[in-house]
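Undergrad: The structure that follows is given in the form of structure tokens.
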Amino acid sequence: MVKIIQRIFKYGWKYYFASIIFFILFWQTFSVIYEVKVSKDKLLTSMRQNALYFEKSFLEGDVFEVQRIMWRIKNDNIKRIIFYPVFIENGKWLFGETLIGNIYRRPYLQITGETTFISNGAKLGKLKYVIDLFDINSLVFKNNYPLFATVIIFFIALIFLSNMGTLKTIYAIEKGIFDINDKINRNENEKIKSTLLFLPKNLKDTPFEDLIKNYTQSLSKVSKLERELAVSKAVSDLSLQVAHDIRSPLAALESGLKDAQVTQGNKELINNALKRINSIAEDLLDKYRNKNKCETKQGQERSGQSYPDLDQIIEEVIKEKKRIYPDINFIFTKSGKDIKVNIDGKDISRIISNLINNGAEAINDKKKGIIEVITKKENGKAKIIVKDNGKGIPEDMINKLGEKGFTYGKEGGNGLGIWDAKNKIESAGGEIKISSKINIGSEIEIILPIMFVKTIVLIDDDNLVRKNWEIEARRKNMAIKTYSNPKDFLERIEEFPRDILIYVDGELGEGLKGEEICRLIYEKGFENIYMETGHKEERFKEIVYIKGVIGKEFPVNLEG
């Protein structure tokens, strides 16, 4: 409770303190102004009452009596009075100004005024007076301090009364948070939920209640994720063990097949199957080795991946499936173009294999079964369509496909095929669409961005530079041809398209100048020729067949 009170004063004391100070200053100022006015009125009244005595003493020239009368005229708040007499013919007054009261001066804390001293209509002189605000202020404060003390006590009481509800709420919140944190530290998640359900009444229908509800939901999600993580870890460990242990029997099978009496076609089928199983095992082991690395996204470095032609990959898969499902009629409509996508060839092979297996398992009468695979290039993207004439999927189940663990119509299915395909396709910037009709069949459409592989040529006699460019090119999924001397490139120059990017070192050793080699290449019909050198660009500015000049580092922006 003490901490709560301290918190209120910490964040709210300025406003309460300002209110008290404002009241005191207002009351003090008002009182001082009032006292000044009263002092002036008393002075004038006293002057009128003592005018006759003052006149008589003045005319007789009795300075002592005049001063005594001035003391009667002066009041407590008038600190000084100065009398400036007028000249009267035949008068006995021989003195100049007459002063009574203190003589200290506080020009910034004093009010001065003057008035004419008149008696029986005759002007006797001018009376100047001084009122000291400091003394008045002290006197007013002394007289009013009981009032100020009462006001301060009133404001303090008002603070507590006005914040009583806040105090109770903050206390309830702090108590609830303390209980929750205590249970979190002891990993008692289930007890946390019960604590959150029984909130104090003063927290009902407040934003804190919504916060607690959201917190409860988050805890439920965290608990669920923890359970899934534990299962995932167990599956990962099991997968690692399987991947490791399966390699020995695979090696034995491969060795036994060498002498086995099987047809060439079956031998090829078995070899392909063994390669795929071995590839899966290797992938599982690679994932374990790189488990601390973030998943790569489209356009990022993917070490150890291959991007063969899409039609070639799918053709290999279909050839394998024809052996497994000999009664099903497989139709493959190729794009007829060299299409590469930003997914590893092994992943594409696995995805298509799973989709074909799903289609084959959905066909009850295999002799009437048809599975059609279509690849095409459309609007700058690659499309893979897998169709079957199986039993189909209900419309309300289609949206659930792709959720981890969800499967339909397969005994012993684990729901990982479509889920894995969806993740890999979406991580490559693509999408997967599923449509189906009962007793008619299903169609799965995969849309992927096409990966354009750019090839460049580097001619440089520095081995370190060539190695660096080769590494950077691989990171950017680019093909590169490097040559240590221009002779080797010129011998094979006809193998390259005329729009290829060519980078030539400025100093090639043995007296060879890069600009001379650029001229020879330009005469062969190539135009995208760049000088790769440490020299300044001005040196090559007038050479028309050199398109640009770069440094020794791999180019950031590739044009051409």
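Undergrad: What nm distance separates the two modelled labels at ASP309 and ARG498, each placed 7 Å from Cα along Cα→Cβ?
TA: Reported label-point gap for ASP309 and ARG498 is 2.6 nm.
Undergrad: Two decimals is fine: what is log10 I(q)/I(0) at q = 0.14, 0.21 Å⁻¹ for region 417-560, from a Debye sum with one equal scatterer on every Cα and no solvent?
TA: The calculated log intensity ratios at q = 0.14, 0.21 Å⁻¹ are -0.69, -1.30.
Undergrad: If you add up the charges near PHE54, with Lys and Arg at +1 and Asp and Glu at -1, over every other residue whose beta carbon is less than 14 angstrom from its beta carbon, what do you get?
TA: Local charge sum for PHE54: +3.
Undergrad: Count the net charge of all other residues whose Cβ sits under 15 Å from the Cβ of ILE328, scoring Lys and Arg as +1 and Asp and Glu as -1.
TA: Overall, the nearby charge balance is +3.
Undergrad: Still on this model: Once fully extended, how much extra length lies between THR115 and LEU229, figured as 0.36 nm per residue of separation less the alpha-carbon to alpha-carbon distance?
TA: Working it through step by step, the gained length comes to 31.4 nm.
Undergrad: Filter LYS334/LYS467; LYS319/LYS381; LYS334/LYS422; LYS221/LYS476 down to the pairs with a C-alpha to C-alpha distance above 27 Å, please.
TA: In this structure, LYS334/LYS467; LYS221/LYS476 exceed 27 Å between Cα atoms.
Undergrad: For the residue pair THR333 and ASN463, what label-to-label distance in nm results when each label sits 7 Å from Cα along the Cα-to-beta-carbon direction?
TA: 5.4 nm
Undergrad: Between their Cα atoms, which of LYS377/LYS552; LYS487/LYS541; LYS337/LYS487; LYS387/LYS454; LYS224/LYS433 are more than 27 Å away from each other?
TA: Cα-Cα > 27 Å for LYS377/LYS552; LYS337/LYS487; LYS387/LYS454; LYS224/LYS433; rest within.
Undergrad: Another question, if that's okay. Cut-off 15 Å, label point 7 angstrom out along Cα-to-Cβ of ILE550: give me the residues of region 473-498 whose amide nitrogen falls inside.
TA: Counting only backbone N, you get 473-483.
Undergrad: Within a Cβ distance under 10 Å of ILE434, other residues only, what is the Lys/Arg minus Asp/Glu net charge?
TA: The answer is 0.
Undergrad: Still on this structure, I have one more. What figure in square angstrom, to the nearest 10, would you give for the accessible area of PHE30 with a 1.4 Å probe?
TA: Surface accessible to solvent at PHE30 totals approximately 120 Å².
Undergrad: Using R₀ = 35 Å, calculate the FRET efficiency as 1/(1 + (r/R₀)^6) where r is the Cβ-Cβ separation of ILE152 and VAL38; round to 0.05.
TA: 0.85
Undergrad: What distance in nm separates the two pseudo spin-label positions at ASN144 and ILE324, each 7 Å out from Cα along the beta-carbon direction?
TA: 9.7 nm
Undergrad: While we're looking at this one, here's another question. Considering only protein heavy atoms, with the full assembly of protein chains and a 1.4 angstrom probe, order ARG498, ARG80, ARG323, ARG227 by accessible area, largest first.
TA: ARG227, ARG323, ARG498, ARG80
Undergrad: What is the set of long-range amide H partners of ILE450 at a cut-off below 5 Å, with H atoms built 1.01 Å from backbone N?
TA: When sequence neighbours closer than 5 places are left aside, the close amide H contacts are ALA382.
Undergrad: Sort 383-389, 534-540 for me by packing, meaning the mean count of neighbouring Cβ atoms within 10 Å per residue, highest on top.
TA: My ranking of the peptides, most packed first, is 383-389, 534-540.
Undergrad: Could you tell me the calculated FRET efficiency between VAL222 and ILE434, based on Cβ-Cβ distance and R0 = 22 angstrom, to the nearest 0.05?
TA: Plugging the Cβ-Cβ distance into 1/(1 + (r/R0)^6) gives 0.10.
Undergrad: Quick one, what does Rg over Rh come out to for region 37-113 if you take C-alpha atoms and the Kirkwood Rh?
TA: The Rg/Rh ratio comes out at 0.99.
The values are calculated or read from the model by the stated rules, or taken from the named source; none is laboratory data. Because the structure is a prediction, the values reported are computed rather than measured. Because the Cβ atoms are built from the backbone with ideal geometry, glycine has one as well, and the counts that use them run over all protein chains shown. Just so you know, the surface numbers come from the protein's heavy atoms only, side chains and all, with ligands and any DNA or RNA stripped out. Shrake-Rupley method; radii C 1.70, N 1.55, O 1.52, S 1.80 Å.
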